[in-house]
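Before any comments, here is the structure.
Taken together, the values in this text are just the output of simple stated rules run on the coordinates, not laboratory data. As the structure is a computational prediction, the values presented were derived from the model and not from experiment. Please note: Cβ atoms are built from the backbone with ideal geometry, for glycine as well, and neighbour counts cover all protein chains shown.
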Amino acid sequence: MALKADSELDPTPQLTAKPVNDSFTFEVDVVDRRADKPRVRTLELALAPGNDLFFPGRKKTVEQDETVGKDPVHVTFKATPISGSAADLSSFRVTLQEKDGADLVFCLIRLG
Amino acid sequence: MGLVCFVATTVAVAASAGATGLGQESGKPAPPPPPLPRLTSPEVRQDTFTAADETAGRNVNVSFTNNFIADRLPFDVPFNVTGTVEPSVRRLELSVYRVSSNVDLGNLLTHLQTTVDCVGQQPPGRRVSTSAVTPGASGQFSMFVNALDPQYYYAFCFVAATPIPTNEFEADARRILGSVLPGLVKQDDVSLSVLKVVHGVMGDRIAQLGAGRPVRATIPPGNLFAEGAKPDARFAQLASDLAESYGNLATPLANYQDSLKQLIADVGTARAGPAKEAFTPELVAQLPPASRGLPTAEIAVSADPRIDRTLYSFDGAVAQIEAVKAKFAEGSQAAADLEAVIEDLQEVAGDARQYFRFFDALHAAAGTFMSYVALEARVVNVTLGSSVLGADLSRSAYVSLDAGVAYPWRLQNMVFYAGANIYFRPVNKAAPLRYKGTFLHRFALTVGITTTVRDESRRAEDLRNTPDNDETSNSLLLGGGLRVTPSMRLGGGVLVFRETDPNPLINQKSVTVTPYVSFTADVDVAQIFRAIF
């Protein structure tokens, strides 16, 4: 029962300023081609542990439940705030993963 | 003529020394030099100076074939160096060096000819002018040269920069990109320090690529990877695109390998079970072998990653298995075996599709990288010139005639005088003083002869009286002056005249002096002499 990304992880906006204090929308298609029937999966967006960027509540992850089956499902993480100085960064990584599972796909958001 | 001989000899010696050095170094005959962009120009003009030749903006034609400028160079005024280069030359740079002795000139020549930028490290001469120009469509150029000082030798060092076609270094540049990609994804984020390091490594390796070419090439100034350039927003975007696409290859690659392994296993199971007849040679030919891997990241960054994408699409095989599966009872072992193979094929195809999304993105980013990479061949050509006043001796640049009025202190009348101004350096009257107006450009000693000095109150007489003292006689003027305009001068000094003793009982005359101030006009002696002779 392997959940997989079936597209790029597409953030909006793709460029933000320092210090970071912005809301981002993330879109991605996910699929589990071996699933007998659709079932609820918990998806996570994760920020890299080594930087000072956080989701609200100084969390490094945000979760969202989605029902996923054999056919690709379009998933949207709406208006997700991220903040932090990101002083020494050129781009920061946001990774999509299944909760307690492997990384599915990641994107890099440019810092202007 | 003497200067021409000297210069020609210097060039010959320098060229000879360079050839000898190369031969000794290699220990075998030097290979024939590669074809270089040829620099051509009209023949140089002879030394025919006119007033126009000394004015600012004069054109000095350069002969790259003779490697010297026969005309004496204008001094104290800016001028233009003109000529023609091959149309392939996109940029021409000029550095003008000044040297004061023949030994310096030889050292400078030898040094400049070993550089690619007419600078190198510590050139043995003073760089007095630099300019760069994009030649016209037919190769013609005109380059500005700052005002030069007289009585010096000058080396005009040209760098003809010719872009190298991208296809001549593209494969190497893409290999450089491929080699630095792992460094971009060592950390989760792309830090500024990683960005700087990767940018520096790319720049260094591209520079090495140019240095290793038969005709040495360098990264053009202003290029993203030019020496001293910092990673800008373009490079940050490029690095982000490269890291994202390259880093995202790993997950679908691992998924693909797992899926393929599962497919091979499930096909084996199915072929050993009740559905074995479904696997006709035609169907088996459509199934991927265990060895069918995905193209690597190195292939993605190559110029033409020809990949047959149909090898990773199994719609035909799936349809064929579906058709066979329909013949078996639902829930049977045969149907289950075939269903597993169908799922595996769809999984392999899906993983490959996801992989190729980032493969294509990486290829596009590599294309962006290539659009930033540029090299240009740089051919150095040194041409010599001189501002030394040589054979044209009729041109007395140090002396000019002076004519004006002087007011002697405590005498009753002004006197007119004519004299000579002696400068301590050559003077170009056409040079605006606001541009070249140092003390030595303005100052001259004055020696003059006055008209008759008459002053009864001081019983003054001229130094040289005429027999009856009725005609014009002369006294001597000694002093100095400063030019306030190119031809107008304010001066001062002493008037030397004879004075009768104030005691009426003493009929004795003595030579005496009195200060004066003057206002005069400079006249160019050389022009007058040329007009006469």
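For this structure, a couple of remarks:
- Environment charge at B:V194 (Cβ cut-off 15 Å; Lys +1, Arg +1, Asp -1, Glu -1): 0
- Under 12 Å, Cβ to Cβ, from B:V128 - net charge with Lys/Arg +1 and Asp/Glu -1: +2
- If R0 is taken as 45 Å, the Cβ-Cβ distance between B:A233 and A:A35 corresponds to a FRET efficiency of 0.55.
- Taking 18 Å as the cut-off, the amide N atoms of segment A:62-78 that come nearer than this to a point 7 Å along the Cα-to-beta-carbon line of A:D100 belong to A:62-68.
- In straight-distance terms, cross-link reach from B:K186 covers every one of the lysines whose alpha-carbon lies under 26 Å from its own, apart from those fewer than eight places away in the same chain; here that gives A:K4, A:K18, A:K59, A:K60, A:K99, B:K196, B:K230.
- With a 10 Å cut-off around each Cβ of B:240-247, the average count of Cβ atoms from other chains is 5.
- Note: relative contact order over segment B:250-372, using C-alpha pairs below 8 Å and six or more positions apart, is 43 percent.
- Ordered by the count of other Cβ atoms within 10 Å of each Cβ, fewest first, A:T76, B:T438, B:T446 give B:T438, A:T76, B:T446.
- Cα centroid separation, segment B:482-499 to segment B:190-229: 63 Å.
- Rg/Rh, computed from the Cα trace of segment B:173-296 with Rh as the Kirkwood radius, has the value 1.25.
- Label-to-label distance, nm, for residues given as B:N167 and B:V496 (7 Å Cα→Cβ offset): 8.4
- Area projected by the alpha carbon convex hull of segment B:250-372, averaged over all directions, nm²: 7.8
- The listed peptides B:267-276, A:83-92, ordered by packing as a protection proxy, come out as A:83-92, B:267-276 (highest mean of other Cβ atoms within 10 Å first).
- Computed FRET value (nearest 0.05) for A:Q64 with A:D22, which takes r as the C-beta separation and R₀ as 22 Å: 0.70
- Note on B:S510 and B:A418: the model spin-label points, each 7 Å out from Cα along the C-beta direction, lie 3.3 nm apart.
- Charged neighbours of B:T115, selected by a Cβ distance under 13 Å, balance to +1 (K, R count +1; D, E count -1).
- Part-to-part distance (alpha-carbon centres) for segment A:65-95 and segment B:312-345, which is given in Å: 36
- At q = 0.14, 0.15, 0.16, 0.22 Å⁻¹ the log10 of I(q)/I(0) for segment A:4-111 amounts to -0.53, -0.60, -0.67, -1.15, computed by Debye summation with a single uniform scatterer per C-alpha, solvent ignored.
- Percent RCO, i.e. relative contact order, over segment A:4-111, from Cα pairs under 8 Å lying at least 6 residues apart: 36
- Rough spin-label spacing in nm, given labels placed 7 Å along Cα→Cβ, for B:D360 and B:L445: 8.8
- P(r) of segment B:167-237 over all Cα-Cα pairs, binned every 10 Å from zero, in whole percent: 19, 51, 26, 4, 0
- The length gained by stretching the chain between B:R353 and B:V201 to full extension, at 0.36 nm per residue less their Cα-Cα distance, is 51.5 nm.
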